[in-house]
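**Student:** Dropping a structure here in C-alpha cells format, bear with me for questions.
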Amino acid sequence: MIAKLDEIFKTFQNEIKNIEKMPDLMQLKSRYLGKTGELSGILKGLKDATPEERQSIGAKSNQFKRQMEDMVVDRIQEIELAQINESLEAKRIDISLRDSLLEKGMDKAGLHPVSTIQREIEDIFLNMGFEILDGPHIEDEYHNFEALNIPEDHPARDMQDTFWFEREGENRHLLRTHTSSIQVHGMKKHKPPFKFVGPGKVFRCERTDASHEMCFHQLEGMMVGENISVANLIYFMKTLLSEIFKKEVEVRLRPGFFPFVEPGFELDIRCLICGGDGCSVCKQSGWVELLPCGMVHPNVLKHGEVDTTKYNGFAFGLGLDRLVMMKYGIDDIRHLHGGDLRFVSQFANY
Ligand code: DAH
C-alpha cells in the first residue's frame, strides 16, 4: 500500500505541473483529494490492514495529503498570476506607437488652445506687474456669493445655476460659478495696492448648446490702489486685447449689471471677423461682447478688509473659451472639450 501511495503522489506531481487552467486544476484536486478520490480509496482499504500498517500508512497519506493541498494552492496562485500577466499584455497600451495617429496626421502633441491662450494672457499681465493667483474649484457660499455682494435673497444668485454639495450647516459648499471668488482670496492675502489675475475652471449647472458648457474657463482680474479710475480700467483692457489679437482693437463700454461692481460695464470689441460691417458672429451689430468689468463695489472691498476711505479698484472677468472661439473662428464651444483628436490636433504647436 505504501508503494501505491508513493505512486499516487508521483503521478499527482507530474500531472499538476502540466495544468494551465483553473477548471483542470479543480478537477485534478477532486480526483486525488476528493471524497471518492484516489487518496480516500487507499484509506478505505485500511480496514483490512494490521494496526502497525494502519499507523504508518495513515501518517504517510496525511503527509501526502497536506503536501498535495499545498501544491494545489501554489498552482492556483501561479495560474492567477499568469492570467493577470496575460491580460495586462493583451491590454497593453504602447504609448510610443504612433503609427495609426501618424497616418491620420494626428501625431503631434500640444497644448489645448484654452491653455495656450491662458498662458499668453498670464504673460501679458505678468509684464504689466500683475501677480497670478489660484483659487479652489470647491468654494463656499461666502466666497462665491456673499463676499461679492450677492446676499442670500439676491436675484443674482438665480442668474447662475449652481452645482451645490449636500447641505451641511450655514455656509454651503458648491463648485465655483465664476472666478470672481478669487478676488476674495486675493484681497485677504494682500495689503493694497495690489493687482492680480486668477485664471481657472468654473462650473454651471446648465443645459449645453453651441455657446454653453457646464465647465468652462475664466480669467479674473483685480486692481486695487489709490485713485483708480475707469480710465485705468480701459487702458489695461485695451492693452490686453490688442496684445491678444496682435493689433489695435476698437472698444466700447456699455453699462452692465453685476452686484460686485459699481458702476459695471460690458466691454465690447469691434468684430474682428467682419471688421464691424456685421456678420453672424456679431449678430450683424459689428460689436462683440467680450469683457464684463467695473469699479469694485465698496461692499466687496469691505469683505476683503480693504480701507474704502483710502482705496478703490477695478475688476474684470474674461471668458477664455469665448476668446479662443473668436480668435480661431470656432462656432461651437462643445468642440473645445469634446476630446476629439481631429479637433485638438489642429492646435498642436510642438
Ligand atoms: N463673474 C462674472 C460672471 O461670471 C463676470 C464678471 C463681471 C467678473 C464683472 C468681474 C466683473 O470681475 O467686474 O458672469
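**Student:** Consider only pairs whose beta carbons are under 6 Å apart and that are at least six residues apart or on different chains; among these, list those whose first residue lies in segment 84-113 and is under 16 Å from ARG342 (Cα atoms) and whose second residue is at pLDDT 80 or above.
**Tutor:** MET106/LEU341; MET106/SER345; GLY110/PHE347; PRO113/VAL324; PRO113/PHE347
**Student:** So the check is Cβ under 8 Å with 6+ separation or different chains; which pairs have a first residue in segment 4-16 that's assigned by TED's automatic domain parsing to the domain that holds SER56 and a second one that's among the hydroxyl-bearing types (Ser, Thr, Tyr) and at pLDDT 90 or above?
**Tutor:** These pairs meet every condition: ILE8/TYR32; PHE12/TYR32.
**Student:** Now a separate question. For the list (1) closer than 22 Å to PHE125 by Cα; (2) touching a residue at least 40 places away in the same chain (Cβ under 8 Å); (3) under 33 Å from the mean Cα position of the chain (by Cα), I need the number of the one condition that TYR311 fails.
**Tutor:** That leaves (3) as the condition not met.
**Student:** Out of segment 49-68, which residues are of a type in the set (Val, Ile, Thr) and assigned to a helix (DSSP H, G or I)?
**Tutor:** Once the filter is applied, which keeps residues that are of a type in the set (Val, Ile, Thr) and assigned to a helix (DSSP H, G or I), segment 49-68 yields only ILE57.
**Student:** List the strands (runs of 3 or more DSSP E) inside segment 243-350, counting only whole elements, that have at least 2 residues being open to solvent by 30 Å² or more (accessible area, probe 1.4 Å).
**Tutor:** Because the criterion is at least 2 residues that are open to solvent by 30 Å² or more (accessible area, probe 1.4 Å), the strands (runs of 3 or more DSSP E) in segment 243-350 that meet it are 251-255, 261-270, 287-296.
**Student:** Exactly one of (1) modelled with pLDDT of 95 or more; (2) away from the ligand (no atom under 16 Å from the Cβ) is unmet by MET187. Its number?
**Tutor:** It fails just one condition, (2).
**Student:** Looking at GLY256, GLY221, can you tell me which residue is farther than 17 Å from MET128 by Cβ, in contact with a strand residue (DSSP E or B) (Cβ under 6 Å, 6 or more places away or on another chain) and assigned by TED's automatic domain parsing to the domain that holds PHE196? Outline the logic, then answer.
**Tutor:** Numbers: GLY221 fails: farther than 17 Å from MET128 by Cβ.
That would be GLY256, the only listed residue that is farther than 17 Å from MET128 by Cβ, in contact with a strand residue (DSSP E or B) (Cβ under 6 Å, 6 or more places away or on another chain) and assigned by TED's automatic domain parsing to the domain that holds PHE196.
**Student:** Pairs under 9 Å by beta carbon, first residue farther than 22 Å from LYS17 by Cα in segment 51-74, partner outside any helix (DSSP H, G or I) and among the small types (Gly, Ala, Ser), six or more apart or different chains?
**Tutor:** Sorted first by the residue in segment 51-74, then by its partner, the pairs are ILE57/ALA49.
**Student:** Please work out if ASP140 is more than 20 Å from PHE316 (Cα to Cα), open to solvent by 60 Å² or more (accessible area, probe 1.4 Å) and more than 12 Å from the ligand (Cβ to nearest atom). First the steps, then the outcome.
**Tutor:** Numbers: more than 20 Å from PHE316 (Cα to Cα): yes; open to solvent by 60 Å² or more (accessible area, probe 1.4 Å): no; more than 12 Å from the ligand (Cβ to nearest atom): yes.
Against the criterion (more than 20 Å from PHE316 (Cα to Cα), open to solvent by 60 Å² or more (accessible area, probe 1.4 Å) and more than 12 Å from the ligand (Cβ to nearest atom)), ASP140 does not qualify.
**Student:** What about ARG66, is it among the basic types (Lys, Arg), modelled with pLDDT of 90 or more and open to solvent by 100 Å² or more (accessible area, probe 1.4 Å)?
**Tutor:** yes
**Student:** Looking at VAL197, VAL184 in this structure, which one is in a strand (DSSP E or B), touching a helix residue (DSSP H, G or I) at 6+ places or on another chain (Cβ under 8 Å), surrounded by 17 or more Cβ atoms within 10 Å (Cβ to Cβ) and among the aliphatic types (A, V, I, L, M)?
**Tutor:** Unique residue meeting the criteria: VAL197.
**Student:** Another question, if that's okay. Restricting attention to segment 183-215, which residues are under 19 Å from the mean Cα position of the chain (by Cα) and free of Cβ contacts under 8 Å to residues at least 60 places away in the same chain?
**Tutor:** VAL202, ARG204, CYS205, GLU206, MET214
The values are calculated or read from the model by the stated rules, or taken from the named source; none is laboratory data. Treat the numbers as computed from the prediction; the structure is a model and nothing was measured. All Cβ positions, even for glycine, are placed from backbone atoms using ideal geometry, and neighbour counts span all protein chains on display. Each accessible area value is taken on the protein alone, full model and side chains, heavy atoms only, with ligands, DNA and RNA left out. Shrake-Rupley method; radii C 1.70, N 1.55, O 1.52, S 1.80 Å.
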